[in-house]
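> My questions all concern the structure below.
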2 protein chains.
Amino acid sequence: MKKEHDIRYELSAKKLKITPQRVKVLEAIYEMDNHPTTENVIDYVRKSDPNISAGTVYNILEVLVKNDLIKKVKTEKDVMRYDGMTENHHHLYCKQCDYIEDYTNSELDKILKDYFEQNKIDNFIIDEIKLSISGNFVIHKNKNH
Amino acid sequence: MKKEHDIRYELSAKKLKITPQRVKVLEAIYEMDNHPTTENVIDYVRKSDPNISAGTVYNILEVLVKNDLIKKVKTEKDVMRYDGMTENHHHLYCKQCDYIEDYTNSELDKILKDYFEQNKIDNFIIDEIKLSISGNFVIHKNKNH
DNA sequence: ATCCCAATTACGAATAATTCTTATATAAGA
DNA sequence: TCTTATATAAGAATTATTCGTAATTGGGAT
């Protein structure tokens, strides 16, 4: 189900120093439920490394984003969330609970690609197309409903 | 080009009291360039109403969002932005400058509608589908590049 | 037109999220 | 092992936002 990650390899492939803090932050994002906030990551990592500094986690997350090892997730809430899946995919946003689910479908991506090939946007070069699908889960996925 | 807004009517249609502060905040969002931040709105409004309180602007923006007179814009930056266009539309995000442009196309919306009618998402009822199109403007639209 | 009151605003203090500064520690190449 | 550029810890500082309270006011009722 979940893709296996060789964290140390991923870091070194980006020429980043392998530090225990970076390994644990990446591990946290891969293992946590779903699109964690910075606070979620700090809490998770502190379970095994109680002394990690909040500033360090902020710093590491920024480094990981810059090196495309994780992505920021846009939300309408104030807090930023992070996503360990770096392949292009879409998001389902639940309007009632706080849950964001990944949605992947290559047919859909093909449809979008075709559409924009036939409908170039003037003065704009597209790099990435992501859908924000808002709605409601019939059965909610977390407790914060 | 720009849709005319009867701000006082829009407020009263939502059963909101018409106050000078609310009128000016809505006016600011409609007249400002592009998806302003709260700070942008405060600065703009203070040009004609130097004593408006920041807290009031935060409060008004929240009221306007709750009443669907404006929308929040998801961004990867920390600050929230607002959008006076409430009809469904998509956004072009420039990776270099800080500019967000609206993108509307009913053919595209139809394609998406058809796709999701044929590809129901299990356990999820779709309310709204928006594209986040990231890329680069060939000729940048603002100074903050 | 005036009165009244619930709703709204101003103000500033409080909180929360994030960044910055500086000293210390450490990963990894030589 | 040594060296040094880079990363981390700690906490102060900054920034964005919320909250509490008193004063003001829009608009319905009279």
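> At 7 Å along the Cα-to-beta-carbon direction for both residue A:48 and residue B:49, put a label point, then send me their distance in nm to one decimal.
Result for the modelled spin labels: 5.3 nm.
> Of A:50, A:16, A:80, which is farthest along the charge dipole of the range A:7-83 in the positive direction, counting Lys and Arg as +1 and Asp and Glu as -1 at C-beta?
Among A:50, A:16, A:80, the one farthest towards the positive end of the dipole of the range A:7-83 is A:16.
> Give me the aspartates and glutamates in straight-line cross-link reach of residue B:110: C-alpha distance below 20 Å, same-chain residues under 8 apart excluded.
Cross-link targets: A:107, A:109, A:114, A:117, B:87, B:102, B:127, B:128.
> Another question, then. Amide H of residue B:81: which non-local residues (sequence gap of 5 or more, or other chain) have their own amide H closer than 5 Å, using H built in the peptide plane?
Under 5 Å from the amide H of residue B:81 lie the amide H atoms of B:73, each far enough along the sequence or on another chain.
> Averaging sequence separations of C-alpha pairs under 8 Å and six or more residues apart, then dividing by the length of the range A:15-145, give the relative contact order as a whole percent. If you can, show how the numbers build up before the last one.
Working: 138 pairs, mean separation 28.8, N = 131.
Answer for the range A:15-145 is 22 percent.
> Related question: Would you be so kind as to identify which of B:132, B:105, B:90 lies farthest towards the positive end of the dipole of the range B:90-135, taking Lys and Arg as +1 and Asp and Glu as -1 on Cβ and the Cα centre as origin?
B:132
> In nm², what is the average projected area of the convex hull enclosing the Cα atoms of the range A:7-83? The partial results should precede the final answer.
Values: hull surface 19.1 nm².
Mean shadow area of the hull around the Cα atoms is 4.8 nm².
> Put the label 7 Å from Cα along Cα→Cβ for residue A:138; what are its distances to the other copies, in nanometres, shortest first?
Distances between equivalent label points, in nm: 4.7.
> Along the axis that rotates chain A into chain B, which residue of chain A has the nearest beta-carbon, and what is the gap in whole Å?
Nearest to the symmetry axis by Cβ: A:74, 2.
> A further question on this structure: About the Cα centre, and with charges only on the beta carbon of Lys, Arg (+1) and Asp, Glu (-1), how big is the dipole of the protein assembly as shown? Nearest 20 debye, please.
On the way: 46 positive and 50 negative charges, 155 e Å.
In debye, rounded to 20, the protein assembly as shown gives about 740.
> Would you mind checking A:120/B:130; A:95/B:17; A:66/A:120; A:74/A:120; B:15/B:71; A:95/B:113 for any pair whose Cα atoms are more than 22 angstrom apart?
From the list (A:120/B:130; A:95/B:17; A:66/A:120; A:74/A:120; B:15/B:71; A:95/B:113), the Cα-Cα distance tops 22 Å for A:95/B:17; A:66/A:120; A:74/A:120.
> Counting only other chains, and only Cβ atoms inside 10 Å, what mean value do you get across the residues of A:117-124?
Partner-chain Cβ atoms within 10 Å, mean over residues of A:117-124: 4.
> Right, next: Calculate the dipole size of chain A relative to its Cα centre from +1 charges on Lys and Arg beta carbons and -1 charges on Asp and Glu beta carbons; express the result in debye to the nearest 20.
The dipole magnitude comes to about 420 debye.
> Given the -39500 (n - 2.57) contribution per DSSP H run of 4+ residues, what per-residue ellipticity at 222 nm results for chain A, rounded to the nearest 500 deg cm²/dmol?
Working: 5 runs with 56 residues, N = 145.
So the helix-based figure for chain A works out to -12000 deg cm²/dmol.
> Compute the FRET efficiency between residue A:14 and residue B:128 as 1/(1 + (r/R0)^6), taking r as their Cβ-Cβ distance and R0 = 41 Å, and round to the nearest 0.05.
Working: r = 36 Å, r/R0 = 0.88.
Efficiency for this residue pair is about 0.70.
> Give me the net charge of residue A:49's neighbourhood, meaning all other residues with Cβ under 13 Å from the Cβ of residue A:49; Lys, Arg count +1, Asp, Glu -1.
Numbers: positive: A:22, A:24, A:46, A:47; negative: A:27, A:43.
So the environment of residue A:49 carries a net charge of +2.
> Return the Rg/Rh ratio of the range B:10-145 with Cα-based radii and a Kirkwood Rh.
Checking Rg against Rh, the ratio lands at 1.02.
> Can I ask one more? For labels at residue B:67 and residue A:6 in the simple 7 Å Cα→Cβ model, what's the distance in nm?
Roughly 5.9 nm, to one decimal.
> On each of the three principal axes of the Cα atoms of the protein assembly as shown, give max minus min coordinate, whole Å, ordered largest first.
Cα extents, longest axis first: 58, 46, 44 Å.
> Measure nothing fancy, just the Cα-based angle from helix B:106-118's long axis to the longest principal axis of chain B, in degrees from 0 to 90, nearest 10.
Taking Cα atoms only, the helix is inclined about 50 degrees.
> Follow-up. Expressed in nm², what is the orientationally averaged projection area of the convex hull enclosing the Cα positions of the range B:90-135?
3.9
> At 7 Å along Cα-to-Cβ for each site, give me the label-to-label distance between residue A:30 and residue A:102 in nm.
Rounded to a tenth, the inter-label distance reads 1.2 nm.
> While we're on this one: At residue A:4, label 7 Å along Cα→Cβ: distances to the other copies, nm, ascending?
6.7
> Along Cα-to-Cβ, 7 Å out, sits the label point; list in nm, shortest first, how far the one on residue A:67 is from those in the other copies.
5.0
Read-outs: derived from the displayed coordinates by stated rules, not from any lab. Since we're looking at a predicted model, the values are computed, not measured. Note that we place each Cβ from the backbone using ideal geometry, even for glycine, and neighbour counts take in every protein chain shown.
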